[in-house]
1. Which of the residues that make up the stretch A:197-219 are in contact with a Leu (Cβ under 6 Å, 6 or more places away or on another chain) and either closer than 19 Å to A:V28 by Cα or crowded, with 23+ Cβ neighbours inside 10 Å (or both)?
2. Just to verify a result, which residue in the stretch B:378-401, among those that are open to solvent by 20 Å² or more (accessible area, probe 1.4 Å) and farther than 19 Å from B:G307 by Cα, is nearest to the other protein chains (Cβ to nearest Cβ)?
3. When the stretch B:308-336 is examined, which residues are found to be open to solvent by less than 10 Å² (accessible area, probe 1.4 Å), within 12 Å of another protein chain (Cβ to nearest Cβ) and in a helix (DSSP H, G or I)?
4. Looking at B:T216, B:T193, can you tell me which residue is within 25 Å of B:G124 (Cβ to Cβ), in contact with a Gly (Cβ under 9 Å, 6 or more places away or on another chain) and crowded, with 21+ Cβ neighbours inside 10 Å?
5. Identify the residue in the stretch B:159-207 that is touching a residue at least 24 places away in the same chain (Cβ under 8 Å) and of a type in the set (D, E) and, among all such residues, is farthest from B:S55 (Cα to Cα).
6. Out of everything in the stretch A:161-183 that is touching a Ser or Thr at 6+ places or on another chain (Cβ under 9 Å) and in a helix (DSSP H, G or I), what residue ends up being surrounded by the fewest Cβ atoms within 10 Å (Cβ to Cβ)?
7. Only residues that are more than 8 Å from chain B (Cβ to nearest Cβ) and surrounded by fewer than 23 Cβ atoms within 10 Å (Cβ to Cβ): list them for the stretch A:56-72, please.
8. If A:A79 satisfies every condition in (1) within 13 Å of chain B (Cβ to nearest Cβ); (2) in contact with a Gly (Cβ under 8 Å, 6 or more places away or on another chain); (3) assigned to a helix (DSSP H, G or I) but one, which is the exception?
Amino acid sequence: MTAPLLEVDGLRKVFVDEEFETPVLKGVTFALQRGEMVAMLGPSGSGKSTLLSILGTLMRPTSGSFRMLGRELTALREAELSDFRNQQIGFIFQYHHLLPDFSALENVLFPHAGRLWRETRAGRERAAMLLERVGLAERMHYRATRLSGGQKQRVAIARALMNQPALVLADEPTGNLDRENADQAFALMTEIQRETGTTFLLSTHDRELAERCERRIYIQGGVVVDAPTSAALGTSPAISARQPLRMVPGEVVAVVDRTSNTTRDDGDRRLA
Amino acid sequence: MRFDLKVALRYLLSNRLQSALLIGGVAIAVTVFTFNAALINGLAEFQIDRVVGSSAHVVIEPAKPAPRIVTAPAGTERLVVSQRALERREQIKQWRSVERIIDTLPGVTGVSYNINGTGLVTRGQQTLPVTLKGVEPSRLAAIAPIDRNIVEGEPRLGLNDVLIGRKLANDLGIKVGQPIFITSNQGRERTLTVRGLYATGVDSLDARLAYVNLDTARVMFDLPEGLTEIELKLADIYAARAVAKQLADTTGLEVTAWMDKNQRLREALEGQGSSGSIIKMFTLITIVVGVASALLLTTFRRRPEIGIMRSFGISQRFVLSVFMLQGALIGILGSLAGCFMGWGFSYLLAQAGKSSGRALPVDPSLGQYDVALLLAAAASVAAALWPARSASRIDPVEAISQ
């Protein structure tokens with residue numbers, strides 16, 4: 001068995017201000033395998049976003065460790081973290097967070113051109129290909145402000161994949177979309193995950209989407225729990241608090257390693 | 001194109017009104033800077049021209065001989081009171097060798113070999129003191145434009161001719177073509193014919209100075225070989241000190257530059273220069289404050305975007321560069337526009353002055369545009385440093401959640 005992509009061990013985060021110490025993560029431990037699509041569930045304030053920020057190297061933990069691709073990330077300096085983030089981690093946020101003064105193509109290209117300090121033909125071609133892949137070939141030169149909410153989120157997905165990251169962290173990626181657009185965005189991420197073998201970790205409150213992921217992690221009270229209480233999942237009949245979430249049959253057809261050359265069945269170009 | 005430059009340009013173009021106001025602000029400050037320079041420097045040139053235009057830039061005079069000191073007997077203490085030696089007449093005897101040195105000097109536009117002395121001019125019962133300046137006729141206008149200042153008669157200096165100021169002529173009640181009787185301080189007497197009257201506009205000159213032929217002066221002042229003074233005119237008046245030092249070192253004579261003979265003018269020019277510098281400093285401070293505050297606002301407004309950039313691994317250096325480039329672009333564009341406006345404003349005022357007959361001492365060519373361009377651009381970049389550093393240090397998590 002190959003080594004996990006990400007190993008999180010005893011991760012703690014305590015926010016300290018002048019008056020209070022607020023422990024948010026109290027020793028989170030889990031691992032992500034390469035090419036997995038994992039949903040992270042938990043009630044608001046359980047520490048999901050903080051965990052994603054730490055895993056995305058945007059925030060340092062108070063203690064604990066996490067290794068990705070064999071590197072202990074807590075030991076890296078700021079510039080090294082920035083470079084690692086650029087190369088290996090993609091972000092998708094609840095709100096698309098596109099740069100409004102740039103076109104869809106430039107937004108997708110930004111992580112690549114910003115690292116090299118210049119635009120390259122290869123970079124533009126890949127950005128264009130990604131936009132084509134997310135169904136926005138016709139609108140690649142539109143300013144971000146001229147796109148609809150669903151289109152913006154698709155551009156954000158393409159941007160997250162620009163530098164071929166090993167891990168995509170998605171914080172409520174469908175939380176700002178209507179059902180139809182949410183389903184489309186999720187389907188797109190699932191397809192890309194299958195095609196490229198990119199690992200996805202999705203923080204979500206949408207249990208229907210979570211159910212379609214290969215695996216779920218529950219965060220409650222700052223720790224990972226095996227069986228969440230009803231408070232963690234709410235009272236929706238879709239998922240019982242005491243029953244484990246089940247896979248949707250046929251939803252995930254393959255988990256592809258990043259190093260494989262799997263292509264889509266319909267002959268689309270490879271993303272990885 | 002560099003990608004940081006593309007981002008900086010896009011940010012400037014995305015808020016055109018703010019960018020235009022910023023560039024306009026820098027342009028106005030640079031306009032003030034360059035116009036102030038054109039005015040202060042133009043005024044200085046005007047004053048210098050008034051003072052130095054009609055006089056020598058470098059004057060060579062005989063060395064002041066040191067008094068001889070009697071050797072004191074061994075073991076005795078010696079107290080010396082020094083006094084200028086007056087036992088010999090001061091003159092430049094070997095002036096031909098000095099002439100050869102002068103011929104090798106670059107930037108010398110005119111030389112006059114003179115014998116100066118004092119005397120009395122008498123007409124009827126009227127006797128007035130005069131300074132006689134003996135010059136070679138061919139070099140009459142080498143230093144002062146006497147030929148252009150002649151208001152009556154002609155600028156000719158034969159052996160028996162004299163050119164006097166119009167005021168002296170009025171004081172003596174004399175006209176061109178009439179004779180005057182002159183007695184030199186060496187007791188020599190001569191009757192000369194007034195060949196021309198000049199008016200320099202300086203009363204002290206027009207009432208006291210009389211030009212005679214150099215050979216006439218030799219006779220009147222008993223100097224068959226030597227000179228009392230050599231005057232030089234230079235292409236670059238500010239090179240006068242260097243030229244004076246060089247000549248003093250090589251000839252051993254007493255050589256003085258015009259600025260050392262006109263201490264009051266120098267002090268006045270220095271005062272003007274200082275006040276001009278203060279105005280320039282305030283214009284630079286205006287640029288720094290304006291650019292820094294506007295870019296700080298921009299930084300604040302773009303915090304979420306900077307947070308997003310940082311989240312996908314864009315380095316702090318890249319963010320820093322984007323904001324520094326914005327400062328540099330504002331500075332360069334603003335100062336180019338300001339230089340153009342400053343030149344135009346100075347030119348229009350100078351032209352308006354000429355056409356109205358009341359010429360303003362503004363010289364558009366002295367606007368120090370290169371200095372303004374460099375300083376304004378540097379001030380803008382310096383002003384951008386603080387906002388740029390603050391932008392590069394934005395916490396991405398905090399910024400994204402804004």
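1. Restricting attention to the stretch A:197-219, the residues satisfying the condition of being in contact with a Leu (Cβ under 6 Å, 6 or more places away or on another chain) are A:199, A:201, A:203, A:210-211, A:216, A:218.
Scanning the stretch A:197-219 gives A:T199, A:L201, A:S203, A:A210, A:R216, A:Y218.
2. B:V381
3. Result: B:I308, B:M309, B:R310, B:S311, B:F318, B:V319, B:V322.
4. Only one candidate passes the filter, namely B:T216.
5. B:D171
6. Looking at the filtered set, the residue picked out is A:D183.
7. Residues satisfying the conditions are A:R60, A:P61, A:T62, A:S63, A:G64, A:S65, A:R67, A:M68, A:L69, A:G70, A:R71, A:E72.
8. If we test A:A79 against (1) within 13 Å of chain B (Cβ to nearest Cβ); (2) in contact with a Gly (Cβ under 8 Å, 6 or more places away or on another chain); (3) assigned to a helix (DSSP H, G or I), just (2) comes out false.
The values are calculated or read from the model by the stated rules, or taken from the named source; none is laboratory data. Note that the structure is predicted; figures quoted are calculated from it, not measured. Note: ideal-geometry Cβ built from the backbone for every residue, glycine included; neighbour counts use all protein chains shown. In case anyone asks, the SASA skips ligands and DNA or RNA and just uses the protein heavy atoms, side chains included. Shrake-Rupley method; radii C 1.70, N 1.55, O 1.52, S 1.80 Å.
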